[in-house]
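The values are calculated or read from the model by the stated rules, or taken from the named source; none is laboratory data. All figures in this text were calculated on a predicted structure; none of them were measured in a lab. Glycine also receives a Cβ, built like all others from the backbone with ideal geometry; neighbour counts cover every protein chain displayed. Accessible surface areas use protein heavy atoms only, side chains included; no ligands, DNA or RNA. Shrake-Rupley method; radii C 1.70, N 1.55, O 1.52, S 1.80 Å.
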Amino acid sequence: QLVESGGGLVQAGGSLRLSCAASGRTFSSVAMGWFRQAPGKEREFVAAISWSGISTYYADSVKGRATISRDNAKNTVYLQMNSLKPEDTAVYYCASAYRSSYVSVTDFTSWGQGTQVTVSS
């Protein structure tokens, strides 16, 4: 089970840190990711992190403004978003992969319920 938190309303230029708490014993051995879905749009990849946290991957739209990290002792993955823009407004979803390293968006097989992020201009 994946439970996201940390969403909310923020002004453009602001920051948010999203958290995703995972239950189960496999968290520390699988890659994790963040996706988002804006109204009327398809879900899109935001960031991913390998099981160890050593390798990270970002969508071009957030590169330089987002940082994904994880704490395997706490079974939690984070997404720090800075310099937020109105176009970052979306429901953000946490996802877990079936393998230890990120290869493609099809790696992700379990999803949280999402947390709303709204960026006002």
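Out of curiosity, is Gly13 touching a residue at least 24 places away in the same chain (Cβ under 8 Å), more than 14 Å from the chain's Cα centre (by Cα), surrounded by 12 or more Cβ atoms within 10 Å (Cβ to Cβ) and over 13 Å from Cys94 (Cβ atoms)? Show your work before the answer.
Numbers: touching a residue at least 24 places away in the same chain (Cβ under 8 Å): yes; more than 14 Å from the chain's Cα centre (by Cα): yes; surrounded by 12 or more Cβ atoms within 10 Å (Cβ to Cβ): no; over 13 Å from Cys94 (Cβ atoms): yes.
So Gly13 does not fit the description; no.
Need the failing condition index for Ser96 against (1) closer than 15 Å to Phe27 by Cα; (2) touching a Phe, Trp or Tyr at 6+ places or on another chain (Cβ under 6 Å); (3) part of a strand (DSSP E or B); (4) of a type in the set (Gly, Ala, Ser), just the number.
Single failed check for Ser96: (2).
So which strands (runs of 3 or more DSSP E) are wholly in the stretch 23-74 and hold at least 3 residues that are open to solvent by less than 60 Å² (accessible area, probe 1.4 Å) and at pLDDT 95 or above? Let's see the steps before the verdict.
On the way: elements: 32-37, 44-49, 56-58, 66-71.
In the stretch 23-74, the matching strands (runs of 3 or more DSSP E) lie at 32-37, 44-49, 66-71.
Considering (1) modelled with pLDDT of 95 or more; (2) surrounded by 14 or more Cβ atoms within 10 Å (Cβ to Cβ); (3) outside any loop (DSSP other than H, G, I, E, B); (4) of a type outside the set (Lys, Arg), say which one Gln116 fails and leave the rest.
Looking at each condition in turn, Gln116 falls short on (2).
Within the stretch 1-10, restricting attention to residues that are open to solvent by less than 40 Å² (accessible area, probe 1.4 Å) and within 17 Å of Ser110 (Cβ to Cβ), which residue is nearest to the chain's Cα centre (by Cα)? Step through it out loud before you land on a result.
Pass one, the stretch 1-10, residues open to solvent by less than 40 Å² (accessible area, probe 1.4 Å): 2, 4, 6-8, 10.
Of the ones still in play, those that are also within 17 Å of Ser110 (Cβ to Cβ) are 2, 4.
Numbers: Leu2: 11, Glu4: 9 Å.
In this case the residue turns out to be Glu4.
Go through the stretch 75-103 residue by residue and tally those that are buried (at least 17 other Cβ atoms within 10 Å of the Cβ), among the polar types (S, T, N, Q) and touching a residue at least 60 places away in the same chain (Cβ under 8 Å). Spell out the reasoning first.
Within the stretch 75-103, the subset buried (at least 17 other Cβ atoms within 10 Å of the Cβ) is 75-79, 81, 84, 88-97, 102.
Filter once more, keeping what is among the polar types (S, T, N, Q): 75-76, 89, 96.
Remaining after also requiring touching a residue at least 60 places away in the same chain (Cβ under 8 Å): 96.
The qualifying residues number 1.
Out of curiosity, is Thr109 among the β-branched types (Val, Ile, Thr), within 21 Å of Arg25 (Cβ to Cβ) and open to solvent by 50 Å² or more (accessible area, probe 1.4 Å)? Show your work before the answer.
Details: among the β-branched types (Val, Ile, Thr): yes; within 21 Å of Arg25 (Cβ to Cβ): yes; open to solvent by 50 Å² or more (accessible area, probe 1.4 Å): yes.
Yes: the conditions hold for Thr109.
Yes/no matrix, rows are residues, columns are (1) closer than 14 Å to Glu4 by Cβ; (2) of a type in the set (S, T, N, Q); (3) within 11 Å of the chain's Cα centre (by Cα):
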site	(1), (2), (3)
Glu44	no, no, yes
Ala48	no, no, yes
Ser52	no, yes, no
Asn72	no, yes, no
Leu79	yes, no, yes
Asp88	no, no, no
Tyr93	yes, no, yes
Ser96	yes, yes, yes
